[in-house]
Each structure stands twice: as C-alpha cells, then as structure tokens.
1. Looking at the range A:246-253, can you tell me whether even one residue there is farther than 26 Å from residue A:76 by Cβ and assigned to a helix (DSSP H, G or I)?
2. Could you check the range A:10-25 and list, in sequence order, the residues that are surrounded by fewer than 21 Cβ atoms within 10 Å (Cβ to Cβ), in contact with a helix residue (DSSP H, G or I) (Cβ under 7 Å, 6 or more places away or on another chain) and closer than 17 Å to residue A:44 by Cβ?
3. Surrounded by fewer than 16 Cβ atoms within 10 Å (Cβ to Cβ), closer than 30 Å to residue A:196 by Cβ and touching a residue at least 12 places away in the same chain (Cβ under 8 Å): is that true of residue A:535 in this structure?
4. Quick check: anything in the range A:269-281 away from chain B (no Cβ under 13 Å), touching a helix residue (DSSP H, G or I) at 6+ places or on another chain (Cβ under 8 Å) and part of a helix (DSSP H, G or I)?
5. Among the residues of the range A:313-325 satisfying the criterion of being in contact with a helix residue (DSSP H, G or I) (Cβ under 9 Å, 6 or more places away or on another chain), at pLDDT below 90 and outside any strand (DSSP E or B), which is surrounded by the fewest Cβ atoms within 10 Å (Cβ to Cβ)?
6. Residues of the range A:61-90 being within 29 Å of residue B:59 (Cβ to Cβ) and more than 9 Å from chain B (Cβ to nearest Cβ), which ones?
7. Would you mind finding the one in A:181, A:259 that is in contact with a helix residue (DSSP H, G or I) (Cβ under 9 Å, 6 or more places away or on another chain) and buried (at least 17 other Cβ atoms within 10 Å of the Cβ)?
8. Which residue is surrounded by the fewest Cβ atoms within 10 Å (Cβ to Cβ), if the candidates are limited to the range A:326-368 and must be part of a loop (DSSP other than H, G, I, E, B) and touching a helix residue (DSSP H, G or I) at 6+ places or on another chain (Cβ under 7 Å)?
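The values are calculated or read from the model by the stated rules, or taken from the named source; none is laboratory data. Note that this is a predicted model, so its numbers are computed, not measured. Glycine gets a Cβ as well: all are built from the backbone with ideal geometry, and neighbour counts include every protein chain shown.
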C-alpha cells in the first residue's frame, strides 16, 4: 500500500474499526461488516505482502502467522477480530519502529556529527571538496563554526575546538601549532590550518562510529540464551496450534496461539537495553564494547590501576639533576641521546628537558638496546652507557656510593622517579623525574571504594614512588617494580581467587594487562588506535571521573536488561495461560503482545536519560 | 573472501534481522551474515569466486529493504 504511509494506514484503519463498532451498536451489521472488511484489507495488505516475500525465500515469519490468523478469523466470521488483529499488529509495529528509533538516537546523533566538506589549500588556492576525498598530507583550512574534516596536526593558527563528539568533553579546548586535532570536532572560534594525518575510515571519529555500531549489536550472554529459546518457542507454539485444531476443532483457540507465537518482547528485551546503555555512554565519550562487556563490567569487584599516565598525568617532568664528575648539561645531553630512541614516557621527559635547555642531540650512538622494564643502553664514542633504573645498574654491576644511595632514596620518598646514568660501571648521575598525580584521582578512587570496589595499583615504578602516589590518592594496596608480565601475573592471581578484575590503563604501555583483565579499560583513547582496539571499555577523554560513571552505567544497563527479561518472560507465561483458560483471544492476545513490546522499549529508553549525578546527589 | 556492507532502509523489527540473516546465509558463496540492526546495516562475508554481491542486493530488495549504499572491503 504505497499510497498510504504506515501512520496514515494505522489512523485510517483504526477509525474504520471505530465506525464499524458504532454501526454495530445500532445493529447495522451489513455496514459494520463492510467497514471491517475494508479495514482488514487495508491494514492486512502490507502484512500479507511481507509474509509472502519471506515465504518465497522459505522463511516462516511472524507476518505469515498473523496472516493465517487473520484469514482464519475472517472465514469463521469473526470480522471484528480479523480487523482488530491486523490493525493492532500494524499499530504495534508502527509504534515499535518509532520508539526503537529513539533508542538508536545517540548513534544517529553521532553519525550526524560526521564532517561532510573540507576546505583544502592547493597551490595557494582554497577549494571546497567532500570530506571523504581528503588525502593524507593535504593542507586543510578550518574556520569558525566548521567541522574538522580529518585527523591531523595543526601547522598554523590558534583556535578553540569543541571535541565533544570524540571525547564527550563539553568545554572547548585550545589548539595551536603542533597540537593534534580530530575529525568531527567543531571549531568554536579562531582558525586552523592542519595537515591531514588520518583520513576517511582511519580517523578516530570513524573508528568510534564503527565500534559503537558493532557494540550495539554485539550480543549479551543472556541474549544468546533467549534467542535460542525463541528459536524453539515459535515452532513449538505453531505445533501446539495445529494439535489444538486437530484434537479440539477449536479454530479460535488454535488461531489465537498463532497470534502469540512470536515472543516479541523477549526477543528485543536485552538488545534495546544494550543499545540505549551503549548510546548513553557514547554520548559521554565512553565506548563499551557490547552487551557481554556491559554485563561483565557490572560485576567487577576489583579495579586495578596502572600508575603512570592513568593515576598520574603521564607528563613526567625533570625536577632535579645530580651530575657526578661532569656538568649537568653534559649529563642531560648523554641521557637524552639514549632516551631519544626510546618510547618511554620518562625518556621523553629527559629529551624534552634537553630541548628546553637548547642542547643539540646529534646522532652518534651505536648498539642501541631497550631493556624492558629496566632502561636503555648504547655506545657513544666507544663508551658504553646505560640509562635506567636500579635494576639495570645491578645487572651491569654499577656501584652506588652510600651518599648517592641516600640522595636517591630522598628523591624517591618525594614520589620522584630517579633515572640513573652510568658509563661502564661508573655512576655518572641521577635525573629526578616527577609525574603529577591527577587532581581528580583521589575523588575517583574514593567513589569506587564507596561503590564497594577494591582498588589496587600496579606499577613498574619502584616501591617508594609507588607508596608516595598510593598514599596521596588513598589506595591501600599497591604492587611496585612490576614488569609488564608480572602485572599480568598479578591480575591472574586475583582472578584465580574469584575476583572479577577491571584493569585501567592508558592502553599503550599496559596492553597485556588490559587484555588479561576481565574488563580492560583504557583512558584517553582518542587518537590511540591500540587502546581503542584492545580495551573493552574506552574512555575517549582522559577525565578519570568518567570511570565510576561508566561502571555505574554498565550496572544500570544490566539491571534494565534484567527487568526487561523478567517482564518479557512473565508476559509469555501469562499469555500462554491466558489463552489456555480462554481469557485471551485473537485481538486481546495481539494487544497484550504489542503492549508488552512497547513497555520493554520504553523501559530501555529510560537508560538514555540515565545520569548518575542525580544519584550522587542523593547519596551525599 | 570479501565483505560487503549494505546500508539498508526499513529494518524496523529485530525479528526481521534474524530472517535476513537466515535468508542471506543461505545464498551462494555466503560465509557469514551479520545484521547490525541498530546501524541498519547488513554485513555479508562471501567468497567472490562463488557468489555475486549484486545478487545479494537484489535479494535484499526483494525482501523489501531498499539498499541505500554499499561498501566492499
């Protein structure tokens, strides 16, 4: 029925049924029947059409069963029932589609944020092109109010950029030369010239979209069980309907079974909750990868934090230099040379310090090696240099004098990390690096503990630094001097004791631990592909307070899913009993069925508005 | 082995998603069908030497789902 929209059809056929009822009241049964026939035909034809399409491909659809029920009712002269069943089915599917749209609205909102055009600068001229046609290394100009069309690096300009679509962060961030910008972010004011580094499907924004899309359709455990149940339920009820017809010849009863044979509320009960929950998260810059992860996250009782870059800012800075037998600048120069080849955040701090001091780092080092969890080594002008922690010195039999040992301990007691440099077996100096604790870390940990979680800290850093940081944040249990594989070991230990462990890290240095945990959580995921791929929950921004929120959201989603499942099972049971004791007939069966589907969807929609600030307010 | 993603219109009920999965998986060359109901996408992994993506599109159309766009990877 292409000349009527679904909405118009529902309205028209509903009205016709009402008119027919009026005629019936006045005993004008011929007129009443005529209206009912037309109504059945109008409401029924899209259903028949769909049923026919699927039969053609050997699939028994709910539409086919409804069609049989409607035709059956028609033949036994139950015109009102036939019209009502068709109308209610159509109305139900219309309302279902409308309300389900709402549960998906967050995804649509996200999709709408996609950049469409780009202003490219080529041979000194500006040109508008479609965002999908931007290539790597293209130079793009973005002005106030425009969307950034690709991930890239700022080469010129100064602007405030709203990255809410990516990080969920509502406040604009200032961007100047060398800063990274993300596709999908909106330039608030100012202008930027950027060089495209990631385009099309590779941008962080596209990856978020893909992840959310996949996640929303990744099934939860309970959902898989329900789907299995539904697979058997429908044929069983059809069989029952046939048996009832053969043995009792009660056509009405047998047709009613067909109407209730699709456990609609049950089939969508879990998916709608998950879609709404994941959608809510996505809006806040929290990506939860699917239903199963939501269920697992709701059950976590231990949260393990990595220290560097997670509990701390991850931007370590050189705060003190102690050179032994050479100038401070010489010490910085040598260590920076070695560290310039390492990816370690501590190393980068030293390199940054050298740059700040204007020390040039020429590349005259050989045999560079990384000693995982210990440091680096290389040869410079035939001298063997090592830069790293105490462990590395021990392996290389470097002696530490009593005074120096005292100095190192003092530094560590202040929560600083001492990076030692030695030439051969001679200690040449100590560079102290400090990484500030995130201001919101203590509050976040307090909240997690208040929510009944056990919080621990795992770090590769030494005991004294670890103890200082743990103390400052309020974490009682911490494990220091761990190599990456020891972190994994620690998590496995906890798991074998029956704990459900969530591991929080930056997703770069702690990938094995994140992969081992029941739920791996990466912070500051925007821009780091590895983190987005490995972690089960990705916090796009590096705002820690999103962590308790995401765990609470997972709990709320799981609770919502359970409510829906319970309600849907109840409806299935009630409908069955109702039909058997003849309380429920064709039209009322259809109505209860459609009503239960709507209630399940509406319950899930509540999750879209879930916000735990309200809860927090109540608690405190 | 290739994967084609159809962006479709009119996927309004979750049970339709199951039907599409069933029908498409039964087609020539199809290894796996995944219907992303919420994203309104049908992802089909298929052996391009056996199956043909334009046939899949036709079947989706026949089932009453208009294909808005498609992407092969």
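1. The first filter runs over the range A:246-253 and keeps only residues farther than 26 Å from residue A:76 by Cβ, leaving none.
No: the range A:246-253 contains no residue that is farther than 26 Å from residue A:76 by Cβ and assigned to a helix (DSSP H, G or I).
2. Restricting attention to the range A:10-25, the residues satisfying the condition of being surrounded by fewer than 21 Cβ atoms within 10 Å (Cβ to Cβ) are A:11-12, A:14-15, A:18-19, A:21-25.
Filter once more, so that each one left must be in contact with a helix residue (DSSP H, G or I) (Cβ under 7 Å, 6 or more places away or on another chain): A:12, A:14, A:19, A:23-24.
Hits for the range A:10-25 are A:12, A:14.
3. Values: surrounded by fewer than 16 Cβ atoms within 10 Å (Cβ to Cβ): no; closer than 30 Å to residue A:196 by Cβ: yes; touching a residue at least 12 places away in the same chain (Cβ under 8 Å): yes.
No.
4. Keep residues of the range A:269-281 that are away from chain B (no Cβ under 13 Å), which gives A:280-281.
Now restrict to residues that are touching a helix residue (DSSP H, G or I) at 6+ places or on another chain (Cβ under 8 Å): A:280-281.
Pick out the ones that are also part of a helix (DSSP H, G or I) and you get A:280-281.
Looking through the range A:269-281, at least one residue is away from chain B (no Cβ under 13 Å), touching a helix residue (DSSP H, G or I) at 6+ places or on another chain (Cβ under 8 Å) and part of a helix (DSSP H, G or I).
5. Only one residue fits best here, namely A:315.
6. Pass one, the range A:61-90, residues within 29 Å of residue B:59 (Cβ to Cβ): A:61-71, A:86, A:89-90.
Within the range A:61-90, A:63, A:64, A:65, A:66, A:67, A:68, A:69, A:70, A:71, A:86, A:89, A:90 qualify.
7. Values: A:181 fails: in contact with a helix residue (DSSP H, G or I) (Cβ under 9 Å, 6 or more places away or on another chain).
Testing whether each residue is in contact with a helix residue (DSSP H, G or I) (Cβ under 9 Å, 6 or more places away or on another chain) and buried (at least 17 other Cβ atoms within 10 Å of the Cβ) leaves just A:259.
8. So the first thing to find is which residues in the range A:326-368 are part of a loop (DSSP other than H, G, I, E, B), and the list is A:326-327, A:340-344, A:357-364.
Next cut, touching a helix residue (DSSP H, G or I) at 6+ places or on another chain (Cβ under 7 Å) only: A:340, A:357, A:359, A:361.
Working: A:340: 18, A:357: 13, A:359: 16, A:361: 17.
If we take residues in the range A:326-368 being part of a loop (DSSP other than H, G, I, E, B) and touching a helix residue (DSSP H, G or I) at 6+ places or on another chain (Cβ under 7 Å), then A:357 is surrounded by the fewest Cβ atoms within 10 Å (Cβ to Cβ).
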